[in-house]
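*Asks:* Before I ask anything, let me first share the structure, which is written out below as structure tokens.
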Amino acid sequence: MKFKQSDAQNQRIERITTSHLVVGIDMAKETHVAQATNFRGIVLSNRHLAFKNTAEGFEKLKRWIESLQQKHRLKSFIVGMEPTGHYWYNLANWLVELGIHVVLVNPATTKRNKENRDNCQSKSDPKDALVIADVVSRGYYYEYSRQAESFQRLKVIMSDREFWVTNSVRLQNRIIRWLDIRFPEYVSVFNKWTGVRSLATLKEFPSPLDLRGLSTAEIITGWRKHMQRAGGCSGIQIAAELLSKANQSVGDITSLHEAKQDLGRLIEEYERIESHLEQIERDVALLLEDIPIAGQMRSVTLEPGDHIEVKYETDEDPEQVKGHFLDYDQDEDKELRFIGLASENGKQKMWIRLDYVISVNKLPKTGSEG
């Protein structure tokens, strides 16, 4: 039996009965705002509730909901909110721990429904809270539940990794800019400046002026401070080529002392970040051992309701396989829809939702494409 998207929509609507109080919350950094309606969308709160992002504020919300339940004789309630930044985590988790039904609303859905009540796109916290309650009552929401501890730990460490990768890329761009200005011929000798020999060169002889007048033996001696196999035929050849490029360099030599200090600080910071990333990779490998599907998954980020990135190995030839970007689109067969193509060294790169991670074994593998 095929299961359509409209069937899921109807099921979400049917979960909200005549005895439900529907609470919509507009999230903010310090003060949240709540509004309440019944299952038809009729406003039941005489005035919106503003409460702080503290334990006292959360208790205030709970008392407010209970008073509305008693006043209107409603047995159940559902709380909807937008996953705005990180502001919603604490409240959502606090409510879930109390056994309260929490659902999330796509911010785009809220934006599209702002004109429903007053034909105006104006924005205010009370209005947004009411719009959220409206769309929840019509079934435009998705469930929220706490992750397993292993996934929570993995989410934190992958977020940390993303931060350090961003910093690493920023530093690499700065170093490349430095080379383009001071030693533009450098990349013709070292295609990959992050290699061991290249880093040794940047530490010992960063500018063409530092190389001029030196012999290949002196350059190799400088390299030996940072690497074991500095010489040999390849070492002598690279040193000779480096000397040739340095003698013909058109790089800027003004303010060279300050520029070399800048490069030294950039390289030091780059290597420090790389050591952080190596440690994170080891930690991720240990955490993945606690996840049953770790044999297929390469990395996981974010949490239920958000999009995550999953990389898994395929059995295909790395030169033949093209990765696919997937976006969640639950169709009649509850499969995933391709929205683009990208090659990534034989690994399939997919965007899926974490609530589908548990069924990752059923994800389709693609063959080679021309």
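Readers should treat all values here as calculations from the given coordinates under stated rules, not as data from a laboratory. Just so you know, these numbers come straight off a predicted model, no measurement behind them. FYI the Cβ positions are ideal-geometry reconstructions off the backbone, even for glycines, and counts take in every protein chain you see.
*Asks:* Fewest Cβ neighbours within 10 Å first, please rank Lys71, Lys62, Lys127 accordingly.
*Replies:* Lys71, Lys62, Lys127
*Asks:* Can you pull the Kirkwood radius for the stretch 146-207, inverse mean 1/r over Cα pairs, to one decimal in Å?
*Replies:* Averaging 1/r across every pair of different Cα atoms and inverting gives 14.0 Å.
*Asks:* Also, I was wondering about something else. Determine the gain in length on full extension of the stretch Glu274-Glu218; use 0.36 nm per residue of separation and subtract their C-alpha separation, reporting nm with one decimal.
*Replies:* Extending this stretch completely gives an extra 17.3 nm.
*Asks:* Taking amide H positions as placed 1.01 Å from N in the peptide plane, with prolines and chain starts having none, which residues 5 or more places from Glu185, or on another chain, fall under 5 Å of its amide H?
*Replies:* Excluding prolines and chain starts, which carry no amide H, the hits are Val250.
*Asks:* Amide H to amide H under 5 Å from His101: which residues, 5+ apart in sequence or cross-chain, H placed 1.01 Å off N in plane?
*Replies:* Counting only residues 5 or more places away or on other chains, the set is Val79.
*Asks:* While we're on this one: When Leu95, Leu21, Leu277 are ordered from fewest to most other Cβ atoms inside 10 Å of their Cβ, what list results?
*Replies:* So the ranking, lowest neighbour count to highest, is Leu277, Leu95, Leu21.
*Asks:* While we're on this one: Based on the mean of other beta carbon atoms within 10 Å per residue, what is the order of 194-201, 84-91, most packed first?
*Replies:* Values: 194-201: 17.8, 84-91: 14.8.
The packing order, highest mean first, is 194-201, 84-91.
*Asks:* Hey, another quick one. Summing Lys, Arg as +1 and Asp, Glu as -1, what charge do residues with Cβ under 13 Å from the Cβ of Thr18 carry, Thr18 excluded?
*Replies:* Net charge in that neighbourhood comes out at +3.
*Asks:* From a point 7 Å beyond the Cα of His257 in the direction of its Cβ, which residues of the stretch 203-217 have a backbone N at a distance under 20 Å?
*Replies:* 203-212
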